[in-house]
1. Could you identify the single residue in Tyr423, Tyr450 that is aromatic (Phe, Trp, Tyr) and open to solvent by less than 10 Å² (accessible area, probe 1.4 Å)?
2. Go over the candidates Asn220, Asn167 one by one and state the one that is polar (S, T, N, Q), assigned to a loop (DSSP other than H, G, I, E, B), touching an Asp or Glu at 6+ places or on another chain (Cβ under 7 Å) and more than 23 Å from Gln334 (Cα to Cα).
3. Please determine, by comparing only the residues of region 193-217 that are in a helix (DSSP H, G or I) and open to solvent by 10 Å² or more (accessible area, probe 1.4 Å), which one is modelled with the highest pLDDT.
4. Just the residues that are touching a Ser or Thr at 6+ places or on another chain (Cβ under 8 Å), buried (at least 20 other Cβ atoms within 10 Å of the Cβ) and more than 17 Å from Pro408 (Cα to Cα), please, taken from region 426-443.
5. Please go through region 365-395 and give me each residue that is closer than 13 Å to Trp485 by Cα, among the aliphatic types (A, V, I, L, M) and in a loop (DSSP other than H, G, I, E, B), ordered by number.
6. Being open to solvent by less than 70 Å² (accessible area, probe 1.4 Å), more than 24 Å from Gln590 (Cβ to Cβ) and in contact (Cβ under 8 Å) with a residue 40 or more places away in the chain is the filter; apply it to region 616-647 and report the residue that is nearest to the chain's Cα centre (by Cα).
7. Please enumerate the residues belonging to region 575-585 that are surrounded by fewer than 23 Cβ atoms within 10 Å (Cβ to Cβ) and not small (Gly, Ala, Ser).
8. So, of the residues in region 455-473 that are buried (at least 21 other Cβ atoms within 10 Å of the Cβ) and touching a residue at least 60 places away in the same chain (Cβ under 8 Å), which turns out to be farthest from Val435 (Cα to Cα)?
Amino acid sequence: MVVVKDSGGNIAKKNVGQSGKKIEPKSPVRRSPRLQKLQRMATPRLQKTLEDQKPLGGCKRKRLSDGLKDQVSEKMTEAGFVEDIVCTSDPRTGHNSGCPPQVDDWNKSAANVKRTLRIFNRFYLRFVQEEDKRCKKPKNGNASDDSLRRCSKRPDLKAISEMVKSNKILYPKKIGHLPGINVGHQFFSRVEMVAVGLHGLWLSGIDYIGESCKMKEYRNFTLPLAVSIVLSGQYEDDVDNSEEVVYTGQGGNDLLGNKRQIKDQVMCRGNLALKNSMDQDVSVRVIRGHKCASGNIRKVYTYDGLYKVDHYWKERGVAGFIVFKYRLKRIEGQPKLLTNLVSFARQQVSRGHSESDGLVCKDICGGQENLCIPASNENDVPPVAPSGFEYIKSIKVAHNVTMPPNAPGCNCKGKCTNAEKCYCARLNGGDFPYVRQDGGRLVEPRDVVYECGPRCGCGPNCVNRTSQQGMKYQLEVYRTENKGWAVRSRDFIPSGAPVCEYVGILRKNCELDSVSGNDYIFDIDCWQTINGIGGRERRSCDASTRLSNHAKEIYDQISESEPEFCIDAGASGNVSRFINHGCEPNLFVQCVLSSHHDVRLARVMLFAADDIVPMQELTYDYGYELDSVIGPDGKIITMPCYCGAGDCRKRLY
């Protein structure tokens, strides 16, 4: 894409489109991009479809040192587990951790966790899409989010069922620390924990390996055996003192009512599993659930490390019924508990500007966006605000660029709900690309998304106008130590949600020679990517995408492999111009067509690839290939990468 910054925050010109096309950097003698050597690479991993991804499995650990082996019980060593091990340091932070000591192994495992959650979210959104169609709509044809939720049949559980069927659960029934999941790792639902195998039961508070298990790893153990517990306030007899927990056994609780105990508990299933874990000195993972203030998530679950059951007893609880109590003590040497910091990551950060450290501008957009965009700077002395550009909310068109006429639209009224009758849904392969949840989420990346436009009968709140509804999450521009300006979100952003549009001046590529200050160029190469022109690797999930007759006439005339148009955000742009490159990005690029159907002039949107917690930097893959940039002297130019990702290539190009 666009901005490349050195350690001093200086900018070198880089032009990259959706497919990762590379063009030489700015040189003393400017040449037209059409005369420059083009370099290309395959699309990022996040653009692959579910079907293209290889089955996931647990990442194997390398053999541990003798010193660490001494911490493992004899039974667990025989079974091949590394269950009580606390590594001397986290390869990423330097703090004690339960992850493997090898950096490469940790990076691979963390990538597996992220990829598994993306698979789950895509399954989940597909089933949400199915539920939207299944649920009966009111007579007026408009279905509110509340009415859909009432008749929903748990798309999250359907997604988990599909992952089990396709063998995509990352760590099924594994005891101890899980590679890639450090102490403090947060999950935003129980089903996410099921997807990765941290806690395998979406409802029960005790996950255990049952007596019917035939896995050879457990042949020397007395089953059932506890794997993990969730502390979430469901039982009135629980006592939580952080390092020491008194956990109430399962059973006899009115889960659907007032959460109080209504009958005696029995020593079986999870209760027996915790007792067996104590008898066999096997550790148990402890996860704490916390209520959320954010409207997008109800609870967040934090992995707090390994505990040992050192005592159990039975007594009459506060409601007068027999309950089993288990005292668990946290194993020493693990990272410090972050439970008291969870509220920062799970709640929306205050939008009061006075609370921002290093605030240098209350709103860089000057009130143009739905939400203000503050800027902070704690690195420069004296601190300065972003400058040298005009903030614009929407695309400006250069005087010599002619926009296509408005495309035909659908005849839907109010909101588009019937994909079989909606003209725009047919352009998207027979379905709507978005679901209504959380204000609109894209089910999966596509070659191109066709949204409703000015000639459609639906209103501005139609789900198929999701990217046109303005910013929904408050972003903040901030100064970094070695990457110049960057962008983070103050709100929780769910995967598939639109974050912002890449906005600037729409220009012709062939006339960039006469443009000054064009350090933020984004080539619109949607057509080249769709057709795999020039070595580009297309997204394969849109095989059924239908093209309008007008669009086909335009496409038939395109023979060049180079994009004809670009977006220049140098002198005029929006918040997207400050978003940096990431080797493990949490955003992806999506071309969108709304007012017209000419992909040469498609809108460029950035969507969330993962669930993004507040104050996490937003990044997307600029798509450069190593050794792909050639200077005017014919020598390869290199640029260090400071993204900080676990598998960072250390070089941007």
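The values are calculated or read from the model by the stated rules, or taken from the named source; none is laboratory data. Remember, it's a predicted structure, so these values are computed and weren't measured experimentally. Ideal geometry is used to build each Cβ from the backbone, glycine not excepted, and the neighbour counts take in all protein chains shown. Surface accessibility is based on the protein's heavy atoms, side chains included, excluding ligands, DNA and RNA. Shrake-Rupley method; radii C 1.70, N 1.55, O 1.52, S 1.80 Å.
1. Tyr450
2. Only one candidate passes the filter, namely Asn220.
3. Among those that are in a helix (DSSP H, G or I) and open to solvent by 10 Å² or more (accessible area, probe 1.4 Å), it is Val194.
4. Tyr434, Gly440, Arg441, Leu442
5. Scanning region 365-395 gives Val384, Ala385.
6. For region 616-647, the residue satisfying everything is Gly646.
7. Within region 575-585, Cys583, Glu584 meet the criteria.
8. The qualifying residue farthest from Val435 (Cα to Cα) is Tyr473.
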